[in-house]
Amino acid sequence: MRNGPARAPVPRSTIKGTEGTAIMSKAPVVVGTDGTACGTTAVEWAAGEARRRGAPLRIVLAYDWDVHESSFGSEYADVARNLAETTVAAAHERARQVEPGITIETDVLPGYAVPTLLEAAEGAALLVVGSRGHGGFAGMLLGSVGRRMALQAPCPVVVVRGRAAPAGPVVVGLDDSGEMLEAAFEAAAARETSLTVVRAVLPAVPLWLGVPAAALPLPLDDDAERKQVAEQLAPWLDRYPRVHADTVLSHDSAAAALVTASAKAQLVVIGSHGHSTVGGALMGSTGLQLLHHAHCPVLIERRAQS
């Protein structure tokens with residue numbers, strides 16, 4: 001699937017869940033699929049998330065076809081449509097096998113993947129995409145569609161990568177603002193698991209100078225850092241008493257520390273903004289590195305902070 005201008009909307013192809021045909025009143029979990037293994041894994045993950053949230057699941061497949069730009073006849077448009085409907089029906093069946101109790105709606109839409117999914121994400125509780133699709137090359141760790149969704153979607157986004165059925169804690173990177181703690185505690189509580197809070201404490205001298213981190217002075221000692229983390233966690237531990245939180249202090253970069261923690265995690269929670277005034281306008285370098293190298297799904301959270 002290629003990126004490009006959106007096509008005119010067409011009527012949707014819909015398969016309802018077992019609960020009936022009532023109009024969905026709760027914001028859905030939307031997942032984009034394309035029939036690849038990554039797309040199927042994303043559908044499975046999204047089905048589980050819909051069940052955890054008590055929300056409907058909406059499976060969207062965008063297929064790129066324009067008879068005016070094609071050297072083939074118009075009959076191939078029907079072939080493309082039929083293939084797309086077969087693919088999304090298989091995704092529906094897989095979601096039903098994984099989570100038989102959820103409500104499922106499917107959409108087959110002609111158009112480029114990026115604008116179609118961005119439109120589908122409007123009003124969604126969450127958008128889920130795989131890490132690579134049909135357009136990905138073997139050496140690419142993150143496809144262009146996944147990257148664009150992470151950067152531009154109007155709702156929280158999960159890029160499903162790494163292990164197909166991850167277990168373990170939820171991991172969150174903690175900065176001075178602590179703005180991602182609410183989302184992280186919510187995710188851990190919904191999964192009935194613990195939370196690992198990673199705090200990167202970099203040396204006063206930049207690591208790129210090549211001096212071992214252990215030989216460099218730190219801006220604050222570890223005890224002071226742990227005290228600050230404990231103060232940030234205290235109100236959330238009171239609000240979520242069943243969530244056990246562990247603190248990991250690392251002298252590596254935030255990206256390296258979070259990638260390492262993701263190897264034993266089921267989800268990593270990050271924010272959509274970085275510290276850089278240019279590159280971090282939509283996502284910081286830490287987030288982008290995680291999307292390329294994390295060993296489990298990554299949640300890019302977007303919410304108004306109180």
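Consider Asp176 carefully, then state whether it is modelled with pLDDT under 80, surrounded by fewer than 21 Cβ atoms within 10 Å (Cβ to Cβ) and not assigned by TED's automatic domain parsing to the domain that holds Asp246. No; evaluated as a whole, the condition is false for this residue. The residues in the stretch 254-275 that are modelled with pLDDT of 85 or more and either assigned to a loop (DSSP other than H, G, I, E, B) or over 27 Å from Ala165 (Cα atoms) (or both) can be counted, and the count is 4.
The set of residues in the stretch 78-91 being in contact (Cβ under 8 Å) with a residue 40 or more places away in the chain and surrounded by fewer than 22 Cβ atoms within 10 Å (Cβ to Cβ) consists of Glu85, Thr87, Ala89, Ala90.
Hey, can you tell me all the residues within the stretch 276-306 that are at pLDDT below 65, more than 25 Å from Pro235 (Cα to Cα) and in a loop (DSSP other than H, G, I, E, B)?
Residues of the stretch 276-306 that are at pLDDT below 65, as a first pass: 276-283, 303-306.
Narrowing further to those that are more than 25 Å from Pro235 (Cα to Cα): 276-283.
Correct list: Ser276, Thr277, Val278, Leu282, Met283.
Residues in the stretch 191-225 that are at pLDDT 55 or above, exposed (fewer than 15 other Cβ atoms within 10 Å of the Cβ) and in a helix (DSSP H, G or I): Asp222, Asp223, Ala224.
Which residue, of Arg51, Arg132, is at pLDDT 95 or above, outside the structural domain of Ala189 (by TED's automatic domain parsing) and under 17 Å from the mean Cα position of the chain (by Cα)? If you could, list the steps in order and put the result at the bottom.
Numbers: Arg132 fails: at pLDDT 95 or above.
Step by step, each of Arg51, Arg132 is checked, and only Arg51 is at pLDDT 95 or above, outside the structural domain of Ala189 (by TED's automatic domain parsing) and under 17 Å from the mean Cα position of the chain (by Cα).
The values are calculated or read from the model by the stated rules, or taken from the named source; none is laboratory data. Please read these numbers as outputs of a predicted model, since none were measured by experiment. In this analysis, Cβ positions are derived from the backbone assuming ideal geometry, glycine residues included, and neighbour counts consider all displayed protein chains.
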